[in-house]
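Data block below; observations after.
None of the figures in this text is laboratory data; all of them are computed from the coordinates on show. On a predicted model such as this, the values are computed, not experimentally measured, just so you know. When we count neighbours, we look across all protein chains shown, and the Cβ atoms used for this are built from the backbone with ideal geometry, even at glycine.
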Amino acid sequence: MKKLLCACAALIMAFTTVSAFAATDVTGTWTAEMKDADGGNGFQISFAFKQVGTTLTGTLQGSQGEPMAISEGKVDGDKISFKVVIQGGMTIMHEGTIVASPDGNSAGDTIKLTSKTDQGDFPGGELTLKRAK
């Protein structure tokens, strides 16, 4: 009986780990509306994420130009972080939260990001990413 209980407990823990891992998968395309520096005109940006375990890779595509690779990407539970180096060598660090779906059963289709740069003359900001359908 004890062996059966231990086996059941081990299976439950294994399946719980697998389902928690699956709930945080951000692989896919995500989009956001970004305002220009004076808060006026907006433009669309998109992120193409590929998650393997806790490692996050992918690209950022702005309104013009070539896609930019993300680096040092990771997903830890509902937390996400990565860097993007843009033209001129400025690094933008992104940190955020994967927002749970309204039913609480999955990671949902929204990521709230805060960004900051390694240069003081460029303001950071906040972005809300939506998973592309």
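Quick notes on this one:
- Virtual spin-label span in nm between residue 59 and residue 109, 7 Å along Cα→Cβ: 2.4
- Over the stretch 64-133, all Cα pairs binned in 5 Å intervals from 0 give whole-percent P(r) values of 4, 15, 22, 24, 18, 9, 6, 2, 0, listed from short to long.
- Once both labels are positioned 7 Å from their Cα atoms along Cα-to-Cβ, the gap between residue 119 and residue 93 label points is 1.7 nm.
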